[in-house]
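Okay, so here's the structure we're looking at.
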Amino acid sequence: MNLRMDFNRLKKIALRLKLYHIPFWLGYHLVWLTINVGSLSQVWEYLLHSDSSVKFYFYVIFQIIGVYFNLYYLIPKLLYVGRYASYIFSVLATILVCNAFIVSGYFLASYLSGKTLFELFGVYPYQFTTIYFVWALPSTVASMTLGMSIKLGKNWLQAEKRRLRLEKEHLETELKYLKSQINPHFLFNTINSIFALIHKNPDLASESLANFSDMLRFQLYECNDEQIPLEKELRFIENFIDLEKLRLDPEHTEMQFDILDQTLHQKSIAPFILIPFVENAFKHVSKGKGQPNFIRMTLKVTDSYLKLHIENSKGPNGLGHEDERPKGIGLTNVERRLHLLYPESHSLHIDDQKDRFSVLLKLEWQKN
């Protein structure tokens, strides 16, 4: 137990001080050193016994200083606050200053070894620009670019994950709210319709009440998972249609709902992803007796995709009902849910014309 606690404490210290960066940078520089020197045994010999190894440590130390000065001071203080000109100037100055210190490592190696610069590196002191611009500068720029790329890439990924998590949480909250409440207009209208049927058609009233009960049970208890069986979603839609049909005038409204099931496999779907389109059709269907009133719905299911096509008539003013009901999750929210849950596997086309409104939704089944 004590060993585990000590390990966890050391792990927290390492993460806080970012000590895990040290092996990364040592590995980065050793890779380049291996490419220039040869085998690992030659690298080991070079680091321990070569008179010119001092300049290698200058590369490691001052490039790390430049990288972290950029990551933890220049980027937060200048880049993130929009001071782009100051940031570019500061980065260039940092590269030039760190590069100058790296070049000094060549001269220090010559001084400590008692050998001339030419004996160690094959250049003369007056060829300072060759060391600075040809040898050291490309390596310094590469390390600065690598460090900045990793930092900015990591920050972008974290921000994107945070944005998606917040959006998903927001949509899940909307879905939970939708499941925890019943549209009051639908609730009262349905109860009134069933109540009116009790004396006129008791059998139909009993069947409608059973459908209504199934809808409440599904909405409150049976759709808490991210994916539910498509069969349950369709049963909910059929019950919804049956109850809404009680309020339609069958003599003046054409009602059609066809399910073309061409798959033998059980499919799953996100709950309440289809019902808003059905609800919208009943909400805005025209009611006039002197014009064609219709709701036509076709649902096609195959092993590859689901396709829902809904078309309904609209009144002259573009609305079907005089009393506008709250949209609940609404078409806008459904579109956001589709983009989140089926980002690369759905297409939605909405055609809003003067006398009719149509929706064509296609979902491609996601592979597990």
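The values are calculated or read from the model by the stated rules, or taken from the named source; none is laboratory data. Just so you know, these numbers come straight off a predicted model, no measurement behind them. When we count neighbours, we look across all protein chains shown, and the Cβ atoms used for this are built from the backbone with ideal geometry, even at glycine. What goes into the accessible areas is simple: the full protein's heavy atoms, side chains included, and nothing from ligands, DNA or RNA. Shrake-Rupley method; radii C 1.70, N 1.55, O 1.52, S 1.80 Å.
Considering every residue within segment 162-181, establish whether at least one is out of contact with any Gly (no Cβ under 6 Å at 6 or more places or on another chain), within 30 Å of K55 (Cα to Cα) and either at pLDDT 90 or above or open to solvent by 40 Å² or more (accessible area, probe 1.4 Å) (or both).
No, every residue in segment 162-181 fails to be out of contact with any Gly (no Cβ under 6 Å at 6 or more places or on another chain), within 30 Å of K55 (Cα to Cα) and either at pLDDT 90 or above or open to solvent by 40 Å² or more (accessible area, probe 1.4 Å) (or both).
Let me confirm something: among Q256, Q227, which residue is over 19 Å from V334 (Cα atoms) and among the polar types (S, T, N, Q)?
The match here is Q256.
Does at least one position in segment 227-243 carry a residue that is part of a loop (DSSP other than H, G, I, E, B) and either closer than 19 Å to L360 by Cβ or not basic (K, R) (or both)?
Yes, segment 227-243 contains at least one residue that is part of a loop (DSSP other than H, G, I, E, B) and either closer than 19 Å to L360 by Cβ or not basic (K, R) (or both).
On the given criteria, is F272 within 39 Å of the chain's Cα centre (by Cα), open to solvent by less than 40 Å² (accessible area, probe 1.4 Å), of a type outside the set (A, V, I, L, M) and closer than 17 Å to H309 by Cα?
Spelling it out, F272 is indeed within 39 Å of the chain's Cα centre (by Cα), open to solvent by less than 40 Å² (accessible area, probe 1.4 Å), of a type outside the set (A, V, I, L, M) and closer than 17 Å to H309 by Cα.
Residues in segment 302-328 that are at pLDDT 95 or above and either of a type in the set (A, V, I, L, M) or not in a strand (DSSP E or B) (or both): how many?
3
Take the residues in segment 83-103 that are farther than 28 Å from V54 by Cα and assigned to a helix (DSSP H, G or I); name whichever of them is least open to solvent (accessible area, probe 1.4 Å).
Y87
Residue by residue through segment 277-308, note down the ones that are closer than 19 Å to R337 by Cβ, open to solvent by 10 Å² or more (accessible area, probe 1.4 Å) and not charged (D, E, K, R).
Once the filter is applied, which keeps residues that are closer than 19 Å to R337 by Cβ, open to solvent by 10 Å² or more (accessible area, probe 1.4 Å) and not charged (D, E, K, R), segment 277-308 yields N280, Y305.
Can you pull out the residues in segment 212-246 that are open to solvent by less than 80 Å² (accessible area, probe 1.4 Å) and closer than 25 Å to S286 by Cα?
F212, L234, F236, I237, E238, N239, F240, I241, D242, L243, E244, L246
As an exercise: evaluate L19 against (1) under 30 Å from L108 (Cα atoms); (2) open to solvent by less than 50 Å² (accessible area, probe 1.4 Å); (3) at pLDDT below 85; (4) among the hydrophobic types (A, V, I, L, M, F, W, C) and give the number of the one condition it does not meet.
(2)
Which members of segment 248-259 meet the condition of being in contact with a helix residue (DSSP H, G or I) (Cβ under 7 Å, 6 or more places away or on another chain) and either surrounded by fewer than 16 Cβ atoms within 10 Å (Cβ to Cβ) or in contact (Cβ under 8 Å) with a residue 60 or more places away in the chain (or both)?
I259
Filter segment 47-75 down to residues that are in a helix (DSSP H, G or I), within 23 Å of L112 (Cα to Cα) and open to solvent by 30 Å² or more (accessible area, probe 1.4 Å), then give me how many there are.
Count: 9.
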